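I have placed the structure first, in the form of C-alpha cells, so that the comments after it can refer back to it.
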Amino acid sequence: MHQHAGSHGPHLAQLVNQLVSQIAPFSGLILTIAACILAAIRIYLLDLVVIPKFYSPRVLKDLTDAQLRSFVNHHVAAGSKILLIIVTAYPLLAILVGYGTPHTPFSPGSSTTLGDVLIVSSQIFTVMYIFELFYRDNISPISFAHHVGAIIIAQSAIAMSIDFDHQSDAVYEFILCFIWGTFDVLAELWPHIAMIIYRTHNSKHGLLSRLFYTTMALELVGTTVETVVVMWLFGSLWDKWSLSLKIVTPFLHFLFSAAQLWGAWIFYKLAKDQRLRHVQGAKNS
C-alpha cells in the first residue's frame, strides 16, 4: 500500500505508517526462539563438531580460553551475518528500490510478508550481539557501546512499529534501522573472516598483512558509503521525522561510524605488525 504523495524522492517516503508485520507483537517470542537456536548451534555444532573437526589440534592448543571464545564468536557472528544477508537482501531491496511495502507477500501466494521476514531478521541481528556481549571474555568500550546501541535501536524500531498510531515516523525509522544494519553486517563480516584466518594461519605474515590492510580499506569505504546513504535518506525524509529522532539519529550514526573507524584502526595496526614480521622473517631467511 502506497501513499501517492508524489513520485519524487525515495520510495521509502511513499510508505504508509502502519504496523510493519502482524508478528511484530510476538517479537519477544521470536527473540527467545532465536537465542535458543543460537545456543544449540554453539554448544552442539560449533563446540562438538565444527571447531574440533575442521581445525587442527595445533591451532587450538595455542589458543587461550579467551582467544578460543573469541574464535568461536567469530564463527557465530560470521555465520549469522551471512544468513542475514541471504534472508534480508530481497525484502529490503524490494521496499527500498522496488515497489514493495512491508505487507507485500514474500512470494506470490505466500502468507508470509516482507515485513515478517524483516522482523525475524531483526531478532536474529539482536541475538547475535547479545550472544557476543555475554560470551566473549573481553570487549572494548567502543564495541560494547556499538553492540548495546545496535540492540536498543533494533528493538526500539519494532516497539515504535507496534505503537505506530502514536509514532508518526515508525515505519521510516524501522527501514532506516535496517539500512544501518545492512551496512553494519557488510562492514563487519569480513573482519570476522579475517580474524579466523589470523588464528589458523598465524605464521603467514605476508598474507595476514595484505588481509588486514584490505580489511581496513573495506571498513573505511563501508563507513563512507554508509554515511552518504544514511544521511541522504535522513535528509530526504526530514519532514517526516519527529524532533527526538532528528536529534538522536545523527548521534547514533556517529556511534556506529566511530566503532567502524576504531575497527579500521585496529586492523591497520595489525597489518603493520604483520608486515614488520614478514620483513624480519625475510631478512632472517
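The values are calculated or read from the model by the stated rules, or taken from the named source; none is laboratory data. Note that this is a predicted model, so its numbers are computed, not measured. Here the Cβ positions follow ideal geometry from the backbone for every residue, glycine too, while neighbour counts run over all protein chains shown.
Structural remarks
- So Thr32, is it modelled with pLDDT of 95 or more, more than 30 Å from Ile196 (Cα to Cα) and among the hydroxyl-bearing types (Ser, Thr, Tyr): no
To keep it simple, each residue is scored yes or no on (1) more than 23 Å from the chain's Cα centre (by Cα); (2) surrounded by fewer than 18 Cβ atoms within 10 Å (Cβ to Cβ); (3) modelled with pLDDT of 90 or more; (4) aromatic (Phe, Trp, Tyr).
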site: Leu233; (1), (2), (3), (4): no, no, no, no
site: Asp239; (1), (2), (3), (4): yes, yes, no, no
site: Ser244; (1), (2), (3), (4): yes, yes, no, no
site: Phe251; (1), (2), (3), (4): no, yes, no, yes
site: Leu255; (1), (2), (3), (4): no, yes, no, no
site: Ala258; (1), (2), (3), (4): no, yes, no, no
site: Gln280; (1), (2), (3), (4): yes, yes, no, no
site: Asn284; (1), (2), (3), (4): yes, yes, no, no
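- Meets criteria (out of contact with any helix residue (DSSP H, G or I) (no Cβ under 6 Å at 6 or more places or on another chain) and either in a helix (DSSP H, G or I) or surrounded by fewer than 19 Cβ atoms within 10 Å (Cβ to Cβ) (or both)) for Val185: no
- If you go through segment 39-57 and pick out every residue that is loosely packed, with under 10 Cβ neighbours inside 10 Å and either of a type in the set (A, V, I, L, M) or touching a residue at least 40 places away in the same chain (Cβ under 8 Å) (or both), you end up with 0.
- Among residues that are of a type outside the set (Gly, Ala, Ser), touching a helix residue (DSSP H, G or I) at 6+ places or on another chain (Cβ under 9 Å) and part of a helix (DSSP H, G or I), Ile139 is not included.
- Scanning segment 159-208 for residues that are without any contact (Cβ under 8 Å) to a residue 60 or more places away in the chain and touching a Leu at 6+ places or on another chain (Cβ under 7 Å) yields Trp190, Ile197, His201.
- Any hit, segment 161-168, residues being outside any helix (DSSP H, G or I), modelled with pLDDT under 90, surrounded by fewer than 20 Cβ atoms within 10 Å (Cβ to Cβ) and of a type in the set (D, E, K, R): yes
- Residue among Phe234, Phe256, Phe251 that is without any contact (Cβ under 8 Å) to a residue 40 or more places away in the chain, among the hydrophobic types (A, V, I, L, M, F, W, C) and under 18 Å from Ile179 (Cβ atoms): Phe251
- Every residue from segment 104-127 that is part of a helix (DSSP H, G or I), small (Gly, Ala, Ser) and more than 15 Å from Ile33 (Cα to Cα): Gly115
- One residue alone among Thr101, Thr88 is out of contact with any Pro (no Cβ under 6 Å at 6 or more places or on another chain), assigned to a loop (DSSP other than H, G, I, E, B), crowded, with 19+ Cβ neighbours inside 10 Å and not basic (Lys, Arg), and that residue is Thr101.
- Within segment 100-151, being of a type in the set (D, E, K, R) and under 18 Å from Asp184 (Cβ atoms) holds for Glu132, Arg136.
- Among the residues listed as Leu261, Leu218, Leu211, the single one being touching a residue at least 12 places away in the same chain (Cβ under 8 Å), within 19 Å of Ala145 (Cα to Cα) and assigned to a helix (DSSP H, G or I): Leu261
- One residue alone among Ala217, Ala194 is surrounded by fewer than 16 Cβ atoms within 10 Å (Cβ to Cβ) and of a type in the set (A, V, I, L, M), and that residue is Ala217.
- Criterion applied to Thr104, Thr32, Thr112 was being without any contact (Cβ under 8 Å) to a residue 60 or more places away in the chain and more than 18 Å from Val20 (Cβ to Cβ), and the one residue passing it is Thr32.
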